[in-house]
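Only one structure is covered here, and it is reproduced in the block below.
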Amino acid sequence: MTETLTPRQMLKGLLQGAAQPRPLFLPIVFSLGAKVENVPLRVFLGNATKISNSMKQIRGYLRSDGVTCYFDPYLEAEALGAELHWQAEGQPPTVQWPQDAEDGALPEGLRSPGDAAKSGRVNVAVEAIRRLKSLLRDELLLEAGVMGPFTLAARLTGLERLESPVHEDFSESALELAAATITQIASKFVEAGANIMFIQESILPRLSAEQCEGWASSLAPVINIVRFYEGLPVLQISNSPSFAENKQIIYKQSWDCVICPAFASCESGTTEIVLPGASAKVGIALPVELLEAQLPNAETVFQNLRATIRELHPAIVTTASDVPSGTDMKLLAKVWEAVQF
């Protein structure tokens, strides 16, 4: 049965609520394209031709159900007016805002969400999605990503520098701006043809039931627009301790998306992501450390992963973030084998 269903047929079934014979395997493999094209990442991120060419090449080596058209955790910040200062290759950029502000406060001089969605690199991402849609001709699912409202708000206000920001540190204005911005940008992506929209929260404070309901409400517009274009929204919570703190109240919400927490324990398996009576679909996000060439106890790790997949029957298996350029593709192939339960 798994051989007769295409990725798009499986996606359609998921959107209709039907159980699928296996998870969709949708790793986030994007910045590796800069290495394929032999250009610095900052150059790669601004060139739709290099992106589309490299993603097509990577697909030749990677067995997956989708291809990552664009994924950059700094896209929204730059679109809102930040200047990115790139350091040594392989290091993330530093963010400089038009005007400095105290931690917890929004900088002045930011663009509106609508203007942010028209910025240069958003247009590059849209063009890359369109080109890959034409090149792949519906063979694979097209993936793209935006940051979640807490993660983007933390970057906007400097709270990402804090080890564990609490909910009270976040201003309502920052969260509202972040939610509106990711909705506008995600809309551009799905209009261009993206089928899978990752919404990634790498920063998530401990939430009360009321605060979690507010967070879910802020995500509803982006989830709804992705569903309107018959795409699959995937809420990734890449910080395992944050997910563990909020797990019970997260699953009490009515989500119209895949909830995809990080695979918490690589050595002994995980039970933390079992859905306790919730109706939402579950996914598994693998830490990129699983894909290191010298991973200790690799066979045990993948045995536990296979057991977890068989137990949970997740909708998708992905990675918790963009895989690094040194990723061992053979280990990614082992993940593919694990989803064939």
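Quick look at the numbers
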{"read-out": "When residues of the stretch 55-102 are limited to those that are in contact (Cβ under 8 Å) with a residue 60 or more places away in the chain, within 12 Å of Val29 (Cα to Cα) and among the β-branched types (Val, Ile, Thr), the one surrounded by the most Cβ atoms within 10 Å (Cβ to Cβ)", "value": "Thr68"}
{"read-out": "Condition broken by Leu332, with the remaining ones in (1) closer than 26 Å to Gly33 by Cα; (2) buried (at least 17 other Cβ atoms within 10 Å of the Cβ); (3) at pLDDT below 75; (4) out of contact with any strand residue (DSSP E or B) (no Cβ under 8 Å at 6 or more places or on another chain) satisfied", "value": "(3)"}
{"read-out": "Qualifying strands (runs of 3 or more DSSP E) (wholly inside the stretch 1-102; at least 2 residues being modelled with pLDDT of 95 or more)", "value": "66-70"}
{"read-out": "Residue satisfying all of: in the stretch 226-236; touching a residue at least 40 places away in the same chain (Cβ under 8 Å) and not basic (Lys, Arg); surrounded by the fewest Cβ atoms within 10 Å (Cβ to Cβ) among these", "value": "Glu230"}
{"read-out": "Subset of the stretch 118-161 (residues that are surrounded by fewer than 24 Cβ atoms within 10 Å (Cβ to Cβ), small (Gly, Ala, Ser) and either under 22 Å from Arg63 (Cα atoms) or touching a helix residue (DSSP H, G or I) at 6+ places or on another chain (Cβ under 7 Å) (or both))", "value": "Ser119, Ser134"}
{"read-out": "Selection status of Arg137, out of contact with any strand residue (DSSP E or B) (no Cβ under 9 Å at 6 or more places or on another chain) and more than 24 Å from Val323 (Cα to Cα)", "value": "yes"}
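The values are calculated or read from the model by the stated rules, or taken from the named source; none is laboratory data. Everything numeric here is computed off the predicted structure, so don't read it as measured data. No Cβ is skipped: glycine too gets one built from the backbone with ideal geometry, and neighbour counts run over all protein chains shown.
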